[in-house]
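Here the structure comes first, spelled out in structure tokens, and everything after it is commentary.
The values are calculated or read from the model by the stated rules, or taken from the named source; none is laboratory data. Bear in mind that the values here come from a model prediction, so they are computed numbers and not experimental data. Reconstructed Cβ throughout: ideal geometry from the backbone, glycine too, with neighbour counts over all protein chains shown. Accessible surface areas use protein heavy atoms only, side chains included; no ligands, DNA or RNA. Shrake-Rupley method; radii C 1.70, N 1.55, O 1.52, S 1.80 Å.
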Amino acid sequence: MSETHHHVTLTVNGVVRETTVPGRRLLSDCLRHDLGLTGTHVGCEHGVCGACTVLLDGEPVRSCLTFAVTVDGHEITTVEGLARGGALSPVQRAFTECHALQCGFCTPGFLCTVTAFLRDNPAPSEEEAREAVAGNLCRCTGYQNILKAVHRAAEIQAEEGGA
Ligand code: FES
Ligand code: FES
């Protein structure tokens, strides 16, 4: 028996995108393969590493644990949508400034996670910052520069009056 396909409409990075997917198509695969947005990385594919994190209606979710059909009609922000008008976002700039990436595989997930975190908590304590990134794994950096970047991004946002 052939698999049923579903028409889904997503607003991705402010653009309405439509596609047809099998019921079990993961959002991560939908973004990468159906919509060509390969900035979202896939590491563990079972909810552990956080590399696939995107924003669903502004909240971080693991796109490898989300079926595309379940987010029909919703807004998704991927790493490709963080920059504004060709300029890197404060979080992206802070990661660059603080050398918070090496291979960069984990980075899209961290950027999405930290973007949502600082929107909700613009002046985090050290402990809050650590907790915020605790669900994202990085095999390269040792996390110290990532934590510096979280605080630097908060500073940049404060200087610039918001994200
Ligand atoms: S790829 Fe989704 S959490 Fe690791
Ligand atoms: S920079 Fe390589 S996994 Fe984080």
Can you find, among T70, L26, T9, the residue farthest towards the positive end of the dipole of the range 1-160? Put +1 on the C-beta of Lys and Arg, -1 on that of Asp and Glu.
L26
In the range 1-88, which trypsin sites (Lys or Arg not before Pro) are in a loop and have at most 11 other Cβ atoms within 10 Å, using DSSP for the loop call?
R24
Counting each DSSP H run of 4 or more residues in the chain as -39500 (n - 2.57), what helix-only mean residue ellipticity at 222 nm follows after dividing by all residues, to the nearest 500 deg cm²/dmol?
-8500 deg cm²/dmol
Separation in nanometres of the label points that stand 7 Å from Cα toward Cβ, at R24 and N121
3.7
If the elastic network links every pair of Cα atoms under 10 Å, which of A87, A68, A100 fluctuates the most in the Gaussian network model of the chain?
A87
Provide the per-residue ³J(HN,Hα) series for the range 130-147, in order, calculated from phi with Karplus coefficients 6.51, -1.76, 1.60 and θ = phi - 60°, each as a whole number of Hz, with x at glycine and proline positions.
4, 5, 4, 9, 5, x, 10, 9, 10, 8, 9, 8, x, 6, 4, 6, 5, 5
Keeping every protein chain present and rolling a 1.4 Å probe, give me the accessible area per residue for the chain in Å².
51
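If you average 1/r over every pair of different alpha-carbon atoms in the chain and take one over that average, what Kirkwood value in Å do you get?
On the way: mean 1/r = 0.0622 Å⁻¹.
So the Kirkwood estimate lands at 16.1 Å.
Relative to the Cα centre, what is the charge dipole magnitude of the chain, using +1 at the beta carbon of each Lys and Arg, -1 at the beta carbon of each Asp and Glu, and rounding to the nearest 20 debye? The partial results should precede the final answer.
Details: 12 positive and 19 negative charges, 81 e Å.
Magnitude of the dipole: close to 400 debye.
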Of all trypsin sites (Lys or Arg not before Pro) in the range 95-140, which ones are in loop regions per DSSP and have a Cβ with at most 15 other Cβ atoms within 10 Å?
R139
Measuring from its Cα centre, the range 96-155 shows a charge dipole (+1 at each Lys and Arg Cβ, -1 at each Asp and Glu Cβ) which, in debye to the nearest 20, is 240
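Where does the charge balance sit around G58 when Lys and Arg score +1, Asp and Glu -1, over other residues with C-beta under 14 Å from its C-beta? List each step's numbers first, then the result.
Values: positive: R119; negative: D57, E59, E75, D120.
Value of the local net charge: -3.
For the range 17-163, give the percent of accessible area contributed by carbon and sulfur heavy atoms, probe 1.4 Å, rounded to a whole number. Mind dumping the intermediate values first?
Working: 3590 of 7090 Å².
Summing carbon and sulfur atoms, their accessible area is 51 percent of the total for the range 17-163.
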